[in-house]
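Please read the structure below before turning to the comments.
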Protein chains: 2
Amino acid sequence: MKFRDVRMRGFEKRARLSAVLDWLDAHCASLPGESIPLAESAGRILAEEIVATSNIPAYRRSAMDGYAIAGEETTGASDYSPLTFRVVGESWPGSPFSGKLYSTQAVRIMTGAPVPEGADAVLPAEQASEAGDLVEFTGSVPPGKNVGAIGEDVREGTSVLPAGRRLRPQDVGLLASLGLAVVPVIRRPKVRMLITGNELAAVGQPIGESQIFDSNSPMLHSLIVRDSGELIEQLHLRDDRHLISEALQRPGADVLLVSGGSSVGAEDYAPSLLDELGELDFHGMAIRPASPTGVGRLGSAIVFLLPGNPVSCLCAYDLLAGRTIRQLGGRSPRLPYATREFVLSKKIVSSVGRLDYCRVCIDEERVFPVATSGASILSSTSRADGFVLVPEESEGYAVGTTVSVHLYDLPFDRPL
Amino acid sequence: MKFRDVRMRGFEKRARLSAVLDWLDAHCASLPGESIPLAESAGRILAEEIVATSNIPAYRRSAMDGYAIAGEETTGASDYSPLTFRVVGESWPGSPFSGKLYSTQAVRIMTGAPVPEGADAVLPAEQASEAGDLVEFTGSVPPGKNVGAIGEDVREGTSVLPAGRRLRPQDVGLLASLGLAVVPVIRRPKVRMLITGNELAAVGQPIGESQIFDSNSPMLHSLIVRDSGELIEQLHLRDDRHLISEALQRPGADVLLVSGGSSVGAEDYAPSLLDELGELDFHGMAIRPASPTGVGRLGSAIVFLLPGNPVSCLCAYDLLAGRTIRQLGGRSPRLPYATREFVLSKKIVSSVGRLDYCRVCIDEERVFPVATSGASILSSTSRADGFVLVPEESEGYAVGTTVSVHLYDLPFDRPL
């Protein structure tokens, strides 16, 4: 794209979201793998298939507390005609019975302990009573009963988990049972934030009369963490072309997020700088309220020029930057929100030719757009329960239409 | 409950899940609040309502890049009859125009900058062209247009977020815009894990022939993190009554998770110790596969005796311990899984009188129970897509029944 300086003139033509996403998809392969300690691997994405290098269990194990015996020998035992065996030893988890069992012998055994040679079943403790070194059985078990076979959980050589798997807590347990101390996972994308604006003060600092507190960096930081990116640096910069130029060129990031200075104001330096130092592939998007967003590349980093207005910033992050961070990290590009259908109790108005990010509130089983919807009203995104995306083709939705709502809170995390 | 030593004898009577949950609800108030840095507050639960101590914005701000003017004076301006104003200064974010505007004067203004006295509207830059210190307007704006009123986002003295709110990324941004550097949130529950079992080896260590790797502690650790608990200590103990007794009495935890040694085996010391040192309120539950679970109290800690079998451990954690950790942390007691309805393609068999935790796989739009369902087969919980809870009253479900599935993965985190 030939750079056109839009400062104080406005955008000529705005890119459709789908075109930008296609471009991003073409430039966002998963990052390479790295090895991390197993204990930190939950929620990470496997970089390689895991193949079992051993059987689980590696020995025949008891599934009950009771007595290891030859199952066949218990046939017919009942409350009325108990059978008597001799207890010749014990098998504990970690401390097995080392001998072999002969006819009418039993070994006291605990859940998880190795089943000794000569035994093929475990009779539950509840059906036995011991006296001296003898034990009386009031029930019977067939051969194989209550004995876990070698490899019954995982068989050596089989595939345990596929590459690309988001590791569940139980997956971490499963990898532990295979003895894996380190796990190959896709590296987390390294993200650098450049927060620009002379008017911004950091929270906790004194504020001038015409200043405002920087809300985008704590919000973006939270979003990056949610999407499993790694925030490597955040720089707070004045609207100074030289400072911004230097910051853009710092190495080491996979993703650069520039907040503010992305639009058509006289001090919006980021677009022209990106065009000069790298490439500004898109600037101006048919999205409301994130139309001043820019996307491009600088070295190996994907760069997002996010609007300074906080609602626009949230919208541009979610639709573009967050998606890229998830994809680089080997995750699904889907929006990380649960969706649910609701019926509209007030109409949503949109314009053909642009995608609308419309915040909505839930009232019982219906939804309606929030009243205050300006791009600078961040409180609207706290008041809202979620958002509806109105596609470019649509003029909006009438009362009574069923719409799909992206919920800001996960259903199980909403207050009761 | 009078303690009845069930070692090598089995449970006489098993508690219903609902009875245990009622007891837990009565003993699990939210923990007290603590103050943490704003940047770390996303996902945490607000301990107090937040009331705005200032207006946002604190001044009239421009919603556009353009020219601050008296809107009334632009009436009639168009491409065919432009109106000329004199540019008397600039207003930048953080660097406002300090004077006052008089008739036919304009101030060049950027998005977010204070609107000077005498102006009541902002004309977008796209409808203006400057020459020298004059500017020609080819469009008009009514008074108030493109000017954000004081307090339009947040009005001083109003409630911004309620106590109990799980902080979204945008909430963190909103609190930042109010200048909050620290946030009052509910303290995270402190959890101590006691992992017992002579047969257990930690991953990364050499393993004996009759040993197995400890899979429960990495799994439980991941689950505790998921539920926003804080793992303060994990102790790996041999099956030694004295060691377990000492570990149980260590102070500082809100929740104790004891893995293994909870059942009726001869070396299952935890139940009798808990009864002796504190109270063992429940031991034995009508839940499959987590029947050997125990619940009680020791000092101010809630204690969970979790079965050593990994599937039982996962089930007992999710249905009981995880719920408590979430509740102590001020979170919803709901199971932290999305649910979806599916039609069964194979029947689920259960027994009346016990709740069944039945792992299922999804095949297109249908689900079926996993073939291997033993409590020791952890790989079944990795193969499964989720689980169905079959209530105590039910004998199971026939083919074709619609069942509600708790999905192990969030829908947007499943591979495409």
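Where a number appears in this text, it was derived from the coordinates with a stated rule and is not lab data. In this text the structure is predicted, and so the values were computed from the model without any measurement. Counting neighbours? That spans all protein chains shown, and the Cβs are built from the backbone with ideal geometry, glycine included.
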Alpha-carbon centroid distance for the pair the range B:233-260 / the range B:26-43, whole angstrom | 25
Going fewest to most other Cβ atoms within 10 Å around each Cβ, A:282, B:11 line up as B:11, A:282
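Averaged across A:200-210, how many Cβ atoms of other chains sit within 10 Å of each residue's Cβ atom? Present the calculation step by step, with values, prior to reporting the outcome.
On the way: counts 3, 2, 3, 11, 7, 2, 1, 3, 3, 5, 15.
That average works out to 5.
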Counting only Cβ atoms, what residue of chain A lies nearest to the axis that sends chain A onto chain B, and how many whole Å off?
-> A:338, 3
Taking only Cα atoms of chain B, radius of gyration then Dmax in Å | 31.6, 99
Sorted largest first, the Cα spans of the range B:345-416 on the principal axes come out in Å as 38, 29, 18
Candidates A:127, A:249, A:327; GNM for chain A (alpha-carbon contacts under 10 Å) flags as most fluctuating A:127
Local electrostatic count, residue A:108, Cβ distance below 10 Å [Lys/Arg +1, Asp/Glu -1] | -3
Using a 7 Å Cα-to-Cβ projection, residue A:383 label spacings across copies, nm, ascending = 5.3
Cβ neighbours within 10 Å from other chains - mean over B:405-414 | 5
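Given a Förster distance of 51 Å, report the FRET efficiency between residue A:249 and residue A:98 from their Cβ-Cβ distance, rounded to the nearest 0.05. Mind showing how you got there, number by number?
Numbers: r = 69 Å, r/R0 = 1.34.
After rounding to 0.05, the efficiency reads 0.15.
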For label points placed 7 Å from Cα toward Cβ, what is the shortest-first list of nm distances from residue B:353 to its copies?
-> 7.3
Sorted peptide list for A:375-387, B:343-355, criterion being average Cβ within 10 angstrom, highest first | A:375-387, B:343-355
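Treat the count of other C-beta atoms within 10 Å as a stand-in for reagent exposure and order B:325, B:212 from fewest to most. Provide the component values of the computation, followed by the final result.
Numbers: B:325 28, B:212 22.
Starting with the residue having the fewest Cβ neighbours, the order is B:212, B:325.
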Counting Lys and Arg as +1 and Asp and Glu as -1, what is the net charge of the other residues whose Cβ lies under 15 Å from the Cβ of residue A:86?
-> -3
What number comes out for the charge environment of residue A:332, summing +1 per Lys or Arg and -1 per Asp or Glu over other residues with Cβ under 9 Å away?
-> +4
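Considering only DSSP beta bridges with both partners in the protein assembly as shown, what is the antiparallel share in %, to the nearest 5?
Details: 114 of 174 bridges.
About 65 percent, rounded to the nearest 5.
In the range A:1-149, what % of DSSP beta bridges are antiparallel (nearest 5)?
Values: 19 of 25 bridges.
Beta bridges within the range A:1-149, antiparallel portion: roughly 75 percent.
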The range A:1-128: relative contact order as a whole-number percent, Cα under 8 Å and 6+ apart | 26
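Could the peptides A:196-207, B:74-85 be put in order, highest first, of the mean number of other beta-carbon atoms found within 10 Å of their residues? Display every interim value, and only then the final one.
Values: A:196-207: 18.5, B:74-85: 14.1.
Taking the mean over residues of other Cβ atoms within 10 Å, the ranking is A:196-207, B:74-85.
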Antiparallel DSSP beta bridges within the range B:327-397, percent to nearest 5 = 85
Post the alpha-carbon centroid distance, the range B:74-126 to the range A:159-199, in whole angstrom.
-> 52
Around residue B:236, which amide H atoms from residues at least 5 apart in sequence, or from another chain, sit under 5 Å from its own amide H, with H modelled in the peptide plane?
-> B:195
Binning at 10 Å from 0, report for the protein assembly as shown what percent of all alpha-carbon pair distances ends up in each bin.
-> 2, 12, 19, 21, 16, 11, 8, 5, 3, 1, 1, 0
Using the 7 Å Cα-to-Cβ label point, sort the distances from residue B:230 to its equivalents in the other copies shortest first and give them in nm to one decimal.
-> 2.5
Specify the angular offset, from 0 to 90 degrees and rounded to the nearest 10, of the alpha carbon long axis of helix B:17-27 from the longest principal axis of the alpha carbons in chain B.
-> 60
When only DSSP loop residues count, what GluC sites (Glu not before Pro) in the range A:15-113 have their Cβ near at most 15 other Cβ atoms within 10 Å?
-> A:48, A:49
By counting other Cβ atoms within 10 Å of each Cβ, how are A:358, A:313 ranked from fewest to most?
-> A:358, A:313
Kindly express, to the nearest 10 degrees and within the range 0 to 90, the angle between helix B:216-226's C-alpha long axis and the longest C-alpha principal axis of chain B.
-> 30
